[in-house]
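Each remark here refers to the structure printed beneath this line.
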Amino acid sequence: MHWSEPRNFKEWARRAIALRPLVLVLLIFAVLISELRFDWLEQALGSYLVTTNTERPESGAIWEIGHRTLTARQTLEQLVTDRQSSQREARGATTFTQIASNLPPGQGVMLSSEHFRELYLTLPQTMAHMIVSPFELLRLFSNGGWVRTYLENEDYGFKIYLLNSENRVLRELRIPSDLLYQIERLEIALEGSLEDLPTFENRIYPADRFFRAMESLPEEDIRSVISQPERLLGVPGRIVRVGISDEAASGYIELGFEIDDGTRRRVILLRAREWAVWSLRSFLEEKGQGLHQSSRSQGNEP
């Protein structure tokens, strides 16, 4: 082994082509070729990183990209799931309020024209006319142009598009939020009595007294108090008491009709115009005072 520096080129060449340098060079080339062929170095390094992955902090650009990708994927999956759930529940809905309760604001669902017609027919006649004339729906349904309906839930209510087979809008309709609220209250029937609802406290009247006071009102006021008498006529049982709410909202006051069908009692909630209810209450109080004075005079008779 010569540890001194070569003194000439001949000695440089003799040392370069010696056995041990050649073996070392061949060994290095073999390692490089095997790495390029089998990628054993990357695999070994990857296996080591996998074993220590749980101990290393989740930081760095790659981790951040991974987190954002995972979050975006989960959000997208949730949106798709919610949209499919809303569509599925809308297809099984039997009323507009069922669709409204299951459809988040800003989203919409697609229904067939036949399904929309069934929902329309569940509405009381006066409310249905406020959305669209039945003759216009009949015309669109009969000529075959109206194929599907898109309902979109917005802040002010429902926006409805009647579409043809090419998704062109044939007619645009609206269900305002106040009308949707009226439809919802028409469909509510609460088990129990008026005493179970604090909003009617101290404002509960016998049904005969309530309807006698109604007879004292003009026809216009009567329709403003009970705009949908068919709703009450269609319920089995007898109205025994009526409650008047002490809260007004958007020009309306809620009325509660307690119905006894012989086996149970329940309350149906309707909305009435505020000004008409005040007129009705004045007659109710007058009749109440008249009944009270009559009972006192009968008690004073010998």
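Just so it is clear, none of the values below were taken in a lab; they were calculated from the coordinates. Given the structure is predicted, the values throughout are model-derived calculations rather than measurements. Neighbour counts are summed over all protein chains in view; Cβ atoms, including those assigned to glycine, are modelled from backbone coordinates with ideal geometry.
Computed extension length for Arg37-Arg209: 52.0 nm, one decimal, from 0.36 nm per residue of separation with the Cα-Cα distance subtracted. Take the Cβ atoms of Ile222 and Arg168, set R0 to 30 Å, and the FRET efficiency comes out at 0.10. On full extension, the segment bounded by Glu195 and Leu121 gains 23.3 nm, given 0.36 nm per residue less the C-alpha separation. Taking each residue as 0.36 nm, the span from Leu22 to Trp275 lengthens on full extension beyond its C-alpha to C-alpha distance by 80.2 nm.
Simple spin-label estimate for Glu154 and Phe135 gives 2.8 nm between the two label positions (7 Å along the Cα-to-Cβ direction from each Cα). Here the simple spin-label model places points 7 Å from the Cα toward Cβ, and for Glu64 and Phe29 these points are separated by 4.7 nm. Per-residue packing, averaged as other Cβ atoms within 10 Å, sorts the ranges 204-211, 38-45 into the order 204-211, 38-45, beginning with the highest.
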